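All remarks here apply to the structure that follows.
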Amino acid sequence: MQLNGGAARQLEASSSRQPGSLSTGVFHSIAALVEREAGIQLQTSKILMVGSRISKRLKALSIDSFEDYLEFLNSSDSGIELKELINVLTTNVTAFFREQHHFDDFENAVLPSLIERARAGDRIRIWSAGCSIGAEPYSLALVINKHFQDASSHDFKILATDIDHDCLNKAIAGRYPREQIDSEIPPHFRAKFRDVDDDSVEVCSTIKKLITVRKLNLIRPWPFKGRFATIFCRNVVIYFGADLTNQMWSQFTERLEPEGRLYIGHSERVKGSALDHLKPVGITTYQRNGS
């Protein structure tokens with residue numbers, strides 16, 4: 001079939017806008033920027049996946065090639081775009097009550113003493129590091145509310161942090177598809193969600209009051225000084241190299257109260273100097289010693 005002149009020009013223009021494939025050289029340059037910005041290590045085996053995800057940013061910015069995109073990332077105007085790049089490259093797989101055994105351990109072995117301390121006037125802080133769209137901190141808040149309905153009237157808070165601003169906005173809104181709530185939330189907790197429309201529900205204000213949502217890049221200085229009674233950091237450091245991972249474990253340990261618990265992802269293990277102060281007490285569950 002022969003195209004007429006107009007159709008041929010349209011096809012040629014369309015083809016010229018295709019970014020082509022991501023070369024190894026450009027991949028490594030982008031990977032170095034991502035590691036510098038967020039600590040995330042991108043393996044060369046992921047080049048096709050990375051190219052596919054970055055293509056979305058090229059389309060959004062009307063940039064024709066990966067080479068031009070790299071040039072833009074290296075420009076003085078790239079601060080916001082580096083954050084957008086991190087967002088598209090990180091996988092935000094999450095679910096309410098994911099790895100149920102952690103929530104069971106928290107409810108049975110940790111929460112009773114925290115409630116007692118809070119009622120006595122102590123400051124209680126729990127940290128959900130890498131909270132994604134909020135399923136983890138809201139799961140914790142539901143468990144806390146089950147046993148301590150007036151928790152928000154005490155000095156009892158969950159800090160929820162993430163590097164992805166889009167995820168944080170969803171966590172703040174606390175709005176989720178109805179089918180997700182029906183499949184992931186135990187029936188006795190569903191009364192804590194209110195109808196928004198036929199397809200979505202929202203976490204009730206009683207639960208939201210327990211949570212403070214903040215943006216935080218874990219490889220930058222942490223802007224808080226106090227310690228936490230419990231830290232959840234699950235499936236986050238899997239993106240980091242070995243040295244940075246061990247550094248993270250040490251920093252988390254320093255921020256734990258004596259006897260405080262650290263919950264990590266199912267494929268993660270604490271290594272390095274943090275083990276001088278932590279002991280395993282369950283499946284991917286660690287407790288700081290008493291000092």
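The values are calculated or read from the model by the stated rules, or taken from the named source; none is laboratory data. For clarity, every value in this text was computed on a predicted model and none was experimentally measured. Positions of Cβ are backbone-derived with ideal geometry, glycine not excepted, and every protein chain shown enters the neighbour counts. Keep in mind that these areas ignore ligands, DNA and RNA; they rest on the heavy atoms of the full protein, side chains included. Shrake-Rupley method; radii C 1.70, N 1.55, O 1.52, S 1.80 Å.
Numbers at a glance
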| item | result |
| --- | --- |
| Tabulated pairs, segment 84-106, first in contact (Cβ under 8 Å) with a residue 24 or more places away in the chain and farther than 24 Å from K59 by Cα, second open to solvent by 40 Å² or more (accessible area, probe 1.4 Å) and acidic (D, E), C-beta under 7 angstrom, 6+ apart or interchain | A95/E184; F96/E184; F97/E184 |
| Every residue from segment 205-221 that is of a type in the set (S, T, N, Q) and either buried (at least 22 other Cβ atoms within 10 Å of the Cβ) or in contact (Cβ under 8 Å) with a residue 60 or more places away in the chain (or both) | T206, N217 |
| Any chance F27 is in contact with an Asp or Glu (Cβ under 6 Å, 6 or more places away or on another chain) and modelled with pLDDT of 90 or more | no |
| Filter result for S75 (of a type outside the set (D, E), outside any helix (DSSP H, G or I) and in contact with a Gly (Cβ under 9 Å, 6 or more places away or on another chain)) | no |
| Residue match in segment 127-150 (condition: open to solvent by 20 Å² or more (accessible area, probe 1.4 Å) and in a helix (DSSP H, G or I)) | yes |
| Test: residue in segment 196-205 that is out of contact with any helix residue (DSSP H, G or I) (no Cβ under 8 Å at 6 or more places or on another chain) and not small (G, A, S) | yes |
| Residues (open to solvent by less than 10 Å² (accessible area, probe 1.4 Å) and under 20 Å from L114 (Cβ atoms)) located in segment 242-291 | F252, T253, L256, G260, L262, Y263, I264, T285 |
| Residue match in segment 190-204 (condition: within 13 Å of A129 (Cα to Cα), touching a strand residue (DSSP E or B) at 6+ places or on another chain (Cβ under 9 Å) and touching a residue at least 60 places away in the same chain (Cβ under 8 Å)) | no |
| Checking F224 against (1) in a loop (DSSP other than H, G, I, E, B); (2) closer than 25 Å to L256 by Cβ; (3) open to solvent by 60 Å² or more (accessible area, probe 1.4 Å), the condition it does not meet | (3) |
